[in-house]
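A short worksheet on the structure shown next.
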Amino acid sequence: MHTMAGEPILVVDDQAVNLELARVLLTIAGYGVRTATDAEQALRALAEGYRPRLILMDVQLPGMDGLELTRRLKADPVMDGTRIVALTAYAMTGDEARVLAAGCDGYIAKPIDTRTFAGQVAAALGATSGSGASSGPADG
C-alpha cells in the first residue's frame with residue numbers, strides 16, 4: 001500500500017455508518033482524518049483553515065448537495081491543489097460524467113469495499129488525472 005502518512009483528508013457524508021467506516025479505515029492506513037456530516041460543517045472546517053489534500057464527498061447531502069459543494073470549492077483559488085473524489089452509491093451509466101462535470105477528480109462507489117478503499121484513496125492522492133481515482137462497482 002502506498003500510504004502517504006499523515007496526509008489530511010476530509011470525509012463529508014451524512015450517513016454516520018459510512019462516515020465512521022471511512023474514518024476508521026483511513027486512520028488505520030495512517031491518514032489524518034476530519035469528518036463533516038453536511039456541506040455547512042465542511043465549509044466551516046475549511047473556513048477555520050483546515051486544508052485537506054483530499055476531500056471524499058458524498059454526492060447526496062442534506063441541504064447543499066455534494067456536487068454543488070464541489071463546484072463551489074473548485075471555484076475557490078484557496079482550494080487549488082485539493083483533490084475531490086465523490087463517494088456515491090449511484091455508480092450507474094452517466095454518473096461518472098456527472099460527478100466529473102461538477103469538478104470531482106474521480107469517484108469511489110459505495111458501499112465502501114473495506115479491502116480496496118485505502119488503495120483507492122492512495123490512488124486518488126497520487127493521481128494526476130481524474131481517471132486514476134475512478135473506481136466503478138466491483139464485479140464479483
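The values are calculated or read from the model by the stated rules, or taken from the named source; none is laboratory data. Everything numeric in this text was worked out from a predicted model, so none of it was measured. Here Cβ is always computed from backbone atoms with ideal geometry, including for glycine, and neighbour counts include all displayed protein chains.
Looking across region 111-128 at every residue that is assigned to a loop (DSSP other than H, G, I, E, B) and at pLDDT below 90, the one that is farthest from the chain's Cα centre (by Cα) is identified as T128.
Checking each residue in region 19-33 for being in contact with a strand residue (DSSP E or B) (Cβ under 7 Å, 6 or more places away or on another chain) and buried (at least 17 other Cβ atoms within 10 Å of the Cβ) picks out L19, A22, R23, L26, Y31, V33. Of all residues in region 34-56, those being within 17 Å of V85 (Cα to Cα) and surrounded by fewer than 16 Cβ atoms within 10 Å (Cβ to Cβ) number 1.
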